[in-house]
1. For every other residue with a beta carbon closer than 15 angstrom to the beta carbon of Gly169, add +1 if it is Lys or Arg and -1 if Asp or Glu, then tell me the sum.
2. Probe of 1.4 angstrom, ligands and nucleic acids ignored: what's the accessible area per residue over the chain, in square angstrom?
3. What's the magnitude of the charge dipole for region 146-204 around its Cα centre, counting Lys and Arg as +1 and Asp and Glu as -1 at the beta-carbon? Answer in Debye, nearest 20.
4. Using only alpha carbon pairs under 8 Å that are at least six residues apart, calculate the relative contact order of region 89-197 and give it in whole percent.
5. Calculate how steeply helix 396-409 sits against the longest principal axis of the alpha-carbon atoms of the chain, using the helix alpha-carbon long axis, and give the answer as 0 to 90 degrees to the nearest 10.
6. Using the Karplus curve 6.51 cos²θ - 1.76 cosθ + 1.60 with θ = phi - 60°, what ³J(HN,Hα) values do you get for each residue of region 294-303, in whole Hz, with x for Gly and Pro?
7. Work out the count of Lys pairs in the chain where the Cα-Cα distance is under 29 Å, with the pair 8 or more places apart or on different chains.
8. Spin-label point model (7 Å from Cα, Cβ direction): what's the Ser446 to Arg58 distance in nm?
Amino acid sequence: MHATFRNLYDQFNMAAFIRERRTHAMSVLRWTLILVPMAAAVGTLCAAFLRSLDAVTRLRYAFPWLLYLLPIGGFLVGLLYHLTGRSVEGGNNLIVEQIHEPGGGVPLRMAPLILFGTVVTHLFGGSAGREGTAVQLGGSLSSGFGRALKLDAEATRTLLMTGIAAGFGAVFGTPIAGAVFALEVLAIGRVEYRALVPCLVAALVGDWTCLAWGIHHGAYHVDAMVPVDALLVAKAGVAGVVFGLVGLAFAEANHALGGWLKRVIPYGPLRPAIGGVAVIALVWLFGTRDYLGLGTLAATPGDLTIASFFGPDTHPWSWALKLLFTVVTLSAGFKGGEVTPLFFIGAALGNALAPMFGVPTGVFAVIGFVALFAGAANTPLACTFMGIELFGAAYAVPIAVACFVAYLCSGHNGIYLSQRVAVLKVPAAHLTPDATLRDARTRRASRRRARA
């Protein structure tokens, strides 16, 4: 009996077990001491950023003539980046590249540059978002923490992912989606589970910090509810095809127009100046300012916002106009992001499709809100969680179906060109393992030229 117990003790190796648990506990403590202050700093900056956006948007509503300064504001931001920020012009793509292949890191000056650039964009009426700023704030600060603490390449890579999670979770008030987005956005078909817990911790701390500063995120109310049955799920799947194709069109239009402008206008500061003139021309052409800015606030009660598409009224072409305004703004070099405009476009497109499917407008607006983003960013899991966090679990199944169908239908395209293709959506002989979406676009263009 004594011998048997001794053998069991030797096999269990209590000393090694205790050493392993101690090492694990020290690692958890170390990461906690790094992540909590970093994520709190990101959440604080996101709170200041969101307050600034609200202030400048209301200022623009109070002084409509500010729109006519958009070309000047664009030129100044372009000149600032041209003189001091060329190394950070890659924005979100630079952060993704540094996660894949850690090198020089993300410069700390990315944070003030993107913050200033985005505030200027919204002050003068550019149609842009806010997630790009939040992600770059998180990436810049986390990279700074990594350099200050002299972390190795693998730890720095994890820290950059947690910076993305903290920024995304804080700016939208969706910490679970923020954590999953940081894990999913790096590569199509692969989720980086190694950083799962750090990203979740960072997203939660970032969101809680932002809320502690008194930030209140917008809430959307669906007027008419319908039961979730097989027919509704099937309709959501069919609509997901449309959301995916429009997401693809948005991404490709943005890349194509941006590339063309860079070829035609080599001097960087001039591109946003001309883009500002184009946005003013669009306002005059369509006779509306509803498609400027984020689309979350209205100058007057009758103006369109994202919330408008959850009501009973149908707006057939609002999605196309917002897409046009946003593509012109972002491709010209204005700062901000794509996600909030994609929410607007998706909700508006769902609103427009709803009568064709015999579904209340608000229900399809909910689905389109996240599904179009899922197709454009290739992040169906994060968008499914976002839909549940924002709208509750009542429509979780149709949301998930639409997000995954949109993801499949957008192909090997997306708004983040540094995203890698880990698992092909469909067979594609021209793609090598871990090719980026930028590589995929280049090879498609080469094949088209060869056929021509």
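1. -3
2. Using a 1.4 Å probe on heavy atoms only, each residue of the chain averages 42 Å².
3. Values: 5 positive and 4 negative charges, 25 e Å.
Using only the charged Cβ atoms, the result is roughly 120 debye.
4. Details: 138 pairs, mean separation 26.8, N = 109.
Dividing the mean separation by the residue count of region 89-197 yields 25 percent.
5. In the chain, helix 396-409 runs at an angle near 80 degrees to the longest axis.
6. Values, residue by residue: 6, x, 9, 10, 10, 5, 10, x, x, 6 Hz.
7. Value for the chain: 6.
8. The modelled label-to-label distance comes out at 5.4 nm.
The values are calculated or read from the model by the stated rules, or taken from the named source; none is laboratory data. From a predicted model like this one, the values you see are computed outputs, not experimental measurements. All Cβ positions, glycine included, derive from the backbone under ideal geometry; neighbour counts span all protein chains shown. Just the protein is used for accessible areas: all its heavy atoms, side chains included, with ligands, DNA and RNA removed. Shrake-Rupley method; radii C 1.70, N 1.55, O 1.52, S 1.80 Å.
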